[in-house]
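Accompanying notes for the structure given below.
The values are calculated or read from the model by the stated rules, or taken from the named source; none is laboratory data. All of these numbers come straight from a predicted model, not from anything done at the bench. Glycine gets a Cβ as well: all are built from the backbone with ideal geometry, and neighbour counts include every protein chain shown.
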Amino acid sequence: MKHLLTLHDLTTEEINQILDLAKKLKSDLKNGVVNEPLKGKTLGMIFSKSSTRTRVSFEVGMGQLGGRALFLSSNDIQLGRGESIYDTANVLSRYLDGIMIRTYAQSDVEDLAKYGSIPIINGLTDLVHPCQILADFQTIEEYKGKRSGLKIAYVGDGNNIAHSLLYGSAKLGVDISVASPENYTCNEEVVANAKDDAKKTGAEIILTNDPKEAVKGADVVITDTWCSMGQDAEKQERIKAFQGFQVDKKLFGLAKDDAIFMHCLPAYRGYEVAEDIIDGPMSVIFDEAENRLHAQKAVMQLLMSE
Ligand code: CP
Ligand code: NVA
């Protein structure tokens, strides 16, 4: 493993290795065990979009591993004024030991990895959000006692979260049903890749326009904003298109009795999820947010330590 660009690029073993280490790092932190495998190392964090969790968890995580993190807003670095990815990748590779990047085009992240000589971690693109889904599987295991042989239902936009969930589920052998409105379904190439991986692990992948069908019998119900970063101009149109896709009591009631609710956050109560679900006893959103820290520390340790 040289980079984390998408979960599709990793093997099942590599994903399991990250999740095993994340679990250990979490318990070490809670037990006060200090281990600094990234002492003296620096992570650059390029952000072309806003962030609360990703920014803070990477920065804190890097500190806990003994290294430090530099926040690089694309508004402030020359990349935002048109300097090429080629030059940026080459220059930053001379100073840094790794880069986390949050941006729009997946191809920019791939190019950074292609032209640079240090590990690149995808901190969200329009296409995927692999760090989030690693934290999600860590959370699922904490609540369900296993990371395969489960059914996930994702209700909502066929976006970066849906795509990484498809990739992660396919690799780990988790059944997944994704329900999205017509015109907001998942990227076809992502679906084809995930179906290909699923053949090897036995995961069942179902795409539907019916939220009820997706949620029926699920162990985990996940949703995300109807309007991702960069789509603000489409907000009203999207709210209309997603009517009937809110995770509310009635819909959640179709899942298993002990089902959990997850959301990567930020959440918009009253839109993609009802308040009594996201703030109810079945919601594990803050454990999920916490696990970003542990999962990403595992990724950084595996990619950046000697
Ligand atoms: N879930 C997530 O990536 O949150 P941020 O946008 O706050 O980083
Ligand atoms: N789908 C959302 C996820 C935010 C963490 C977005 O891209 O804005």
**OP:** Identify the residue in the range 85-102 that is more than 20 Å from Leu293 (Cα to Cα) and in contact (Cβ under 8 Å) with a residue 40 or more places away in the chain and, among all such residues, is farthest from ligand 2 (Cβ to nearest atom).
**Re:** Tyr95
Original post:
Does the range 72-86 contain any residue that is farther than 25 Å from Asp224 by Cβ, of a type in the set (Lys, Arg) and part of a helix (DSSP H, G or I)?
Top reply: yes
Subject >> Among residues of the range 151-198, those that are crowded, with 24+ Cβ neighbours inside 10 Å, among the hydrophobic types (A, V, I, L, M, F, W, C) and under 24 Å from Leu251 (Cα atoms), counted >> reply: 11
Original post:
If you check every pair at least six apart or on different chains, which have Cβ atoms under 6 Å apart with a residue in the range 176-195 that is under 19 Å from Lys216 (Cβ atoms) first and a residue that is in a strand (DSSP E or B) second?
Top reply: Ile176/Ile152; Ile176/Ile205; Ser177/Ala153; Ser177/Ile206; Val178/Tyr154; Val178/Leu207; Ala179/Val155; Ala179/Thr208
Subject >> Residue identified as surrounded by fewer than 18 Cβ atoms within 10 Å (Cβ to Cβ) and either within 16 Å of ligand 2 (Cβ to nearest atom) or aliphatic (A, V, I, L, M) (or both) among Ser57, Ser50 >> reply: Ser50
Subject >> Odd one out for Leu134 among (1) surrounded by fewer than 17 Cβ atoms within 10 Å (Cβ to Cβ); (2) under 21 Å from Leu38 (Cα atoms) >> reply: (1)
**OP:** Could you please give the count of residues in the range 161-178 that are touching a helix residue (DSSP H, G or I) at 6+ places or on another chain (Cβ under 8 Å) and within 21 Å of Thr125 (Cα to Cα)?
**Re:** 11
Original post:
Do you know which of the residues in the range 1-32 that are of a type in the set (Gly, Ala, Ser) and part of a helix (DSSP H, G or I) is farthest from Met62 (Cα to Cα)?
Top reply: Ser27
**OP:** May I ask you to list pairs of residues, at least six apart or on different chains, whose Cβ atoms are under 7 Å apart, with the first in the range 54-71 being under 9 Å from Lys39 (Cα atoms) and away from ligand 1 (no atom under 14 Å from the Cβ) and the second being of a type in the set (D, E, K, R) and assigned to a helix (DSSP H, G or I)?
**Re:** Leu65/Lys297
**OP:** Tell me which residues, restricted to the range 179-202, are touching a helix residue (DSSP H, G or I) at 6+ places or on another chain (Cβ under 6 Å), over 20 Å from Gln243 (Cβ atoms) and among the small types (Gly, Ala, Ser).
**Re:** Ala194, Ala198
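Here is a yes/no grid of residues against (1) under 21 Å from Ala214 (Cβ atoms); (2) among the basic types (Lys, Arg); (3) touching a Phe, Trp or Tyr at 6+ places or on another chain (Cβ under 8 Å); (4) in contact (Cβ under 8 Å) with a residue 12 or more places away in the chain:
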| site | (1), (2), (3), (4) |
| --- | --- |
| Gln246 | yes, no, yes, yes |
| His263 | yes, no, no, yes |
| Glu272 | yes, no, yes, yes |
| Gly280 | yes, no, yes, yes |
| Asn291 | no, no, no, yes |
**OP:** Six or more apart or on different chains, Cβ under 8 Å: which pairs go from a residue in the range 1-23 that's within 20 Å of Leu65 (Cβ to Cβ) to one that's crowded, with 17+ Cβ neighbours inside 10 Å and at pLDDT below 95? Could you list them?
**Re:** Leu19/Arg147
Subject >> the range 129-174 - residue that is of a type in the set (S, T, N, Q) and without any contact (Cβ under 8 Å) to a residue 60 or more places away in the chain and, of those, nearest to ligand 1 (Cβ to nearest atom) >> reply: Ser169
**OP:** Answer yes or no as to whether Glu306 is modelled with pLDDT under 95 and either more than 14 Å from ligand 1 (Cβ to nearest atom) or closer than 22 Å to Ser228 by Cα (or both).
**Re:** yes
**OP:** Residue by residue through the range 34-53, note down the ones that are free of Cβ contacts under 8 Å to residues at least 60 places away in the same chain, more than 16 Å from ligand 1 (Cβ to nearest atom) and either among the small types (Gly, Ala, Ser) or in contact with a Ser or Thr (Cβ under 8 Å, 6 or more places away or on another chain) (or both).
**Re:** Gly40, Gly44
**OP:** Among the candidates Tyr184, Tyr143, Tyr104, Tyr167, single out the residue that is under 24 Å from Leu265 (Cβ atoms), of a type outside the set (S, T, N, Q) and in contact with a strand residue (DSSP E or B) (Cβ under 6 Å, 6 or more places away or on another chain).
**Re:** Tyr143
